[in-house]
């Protein structure tokens, strides 16, 4: 059956303010970078030739209109992007450390992305996709949590492939226990999980990554788990296989924002072209190498949605040309 979209994602869409030099008076300048993990994922998918759509909410303000225009510019469908008349668009200020790591300050008490309701989730619309993607930032508060769970249920009922990236941001949760509970909800329903090194330690309580992944496999039977380890590369856990591919080192890292999302979207793109039921060790190596390369290239510029690498550049890095 032909589907209108390859991937529909639900979640947060916001402005990441990234430091970008100083003014002539010595004041810090910030660049307003469109962001939010689900749309970062969709942006790389679009670059890789996939058809995507986003379900979410922004404020009816200058930032919300900027975000809507950005999605349209990069080719992400905005049929289900809603505007909130009362609540402003969510903002995040990103502080990047010399080693490329980041710290976030969020302005989201509340933010428009939290205002998405169950009534705004359309079953017929979600059924038009092959893949449904989500994270946990759309599960921090009760209203949007209900909307997210409704969308997951619809995806299950319509046999969509479900992909999940927890994207843990501790400052946005009322308690870390609630964050863990919602992560575990997502684990129950996903076919592919992308999880970072610190997230697997957080949710499993185990220092050793392999032990943490084994805990998830035994408890939730997730078909494919992809573990990202920053500059150290990534691993795939699938059936009885454990494949590891090193990362690609970049000398001049500008901003690591969106690297994990770029990895995730690249992996989803690979799964759209291959049968998740019958992946080989060679498939998994290809998937990881491609996703590692894409994640590496996004760190060379600020922001994510408008900075996604071209497929030819990813392939060039993979092949070492």
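The values are calculated or read from the model by the stated rules, or taken from the named source; none is laboratory data. Because the structure is a prediction, the values reported are computed rather than measured. Cβ coordinates were reconstructed from backbone atoms using ideal geometry, including for glycine residues, and neighbour counts include every protein chain displayed.
There is no residue in segment 203-216 that is outside any strand (DSSP E or B), surrounded by 24 or more Cβ atoms within 10 Å (Cβ to Cβ) and either modelled with pLDDT of 95 or more or in contact with a helix residue (DSSP H, G or I) (Cβ under 8 Å, 6 or more places away or on another chain) (or both). Remark: residue 56 falls outside the filter, which requires a residue to be assigned to a loop (DSSP other than H, G, I, E, B) and either under 19 Å from the mean Cα position of the chain (by Cα) or at pLDDT below 95 (or both). If the condition is being more than 15 Å from the chain's Cα centre (by Cα) and farther than 22 Å from residue 73 by Cα, then segment 290-321 contributes 290, 293, 296, 315, 316, 317, 318, 319, 320, 321.
Of everything in segment 1-37 that is touching a helix residue (DSSP H, G or I) at 6+ places or on another chain (Cβ under 6 Å) and outside any strand (DSSP E or B), the residue that is surrounded by the most Cβ atoms within 10 Å (Cβ to Cβ) is 13.
Looking at segment 116-130, is at least one residue in contact (Cβ under 8 Å) with a residue 24 or more places away in the chain, within 30 Å of residue 253 (Cβ to Cβ), touching a strand residue (DSSP E or B) at 6+ places or on another chain (Cβ under 7 Å) and part of a loop (DSSP other than H, G, I, E, B)? Checking segment 116-130: not a single residue is in contact (Cβ under 8 Å) with a residue 24 or more places away in the chain, within 30 Å of residue 253 (Cβ to Cβ), touching a strand residue (DSSP E or B) at 6+ places or on another chain (Cβ under 7 Å) and part of a loop (DSSP other than H, G, I, E, B). Counting only helices (runs of 4 or more DSSP H) that sit wholly inside segment 242-321, those with at least 1 residues that are in contact (Cβ under 8 Å) with a residue 60 or more places away in the chain and surrounded by fewer than 24 Cβ atoms within 10 Å (Cβ to Cβ) are 259-272, 311-319. Is segment 132-143 home to any residue that is at pLDDT below 95 and out of contact with any helix residue (DSSP H, G or I) (no Cβ under 8 Å at 6 or more places or on another chain)? No; the residues of segment 132-143 include none that is at pLDDT below 95 and out of contact with any helix residue (DSSP H, G or I) (no Cβ under 8 Å at 6 or more places or on another chain).
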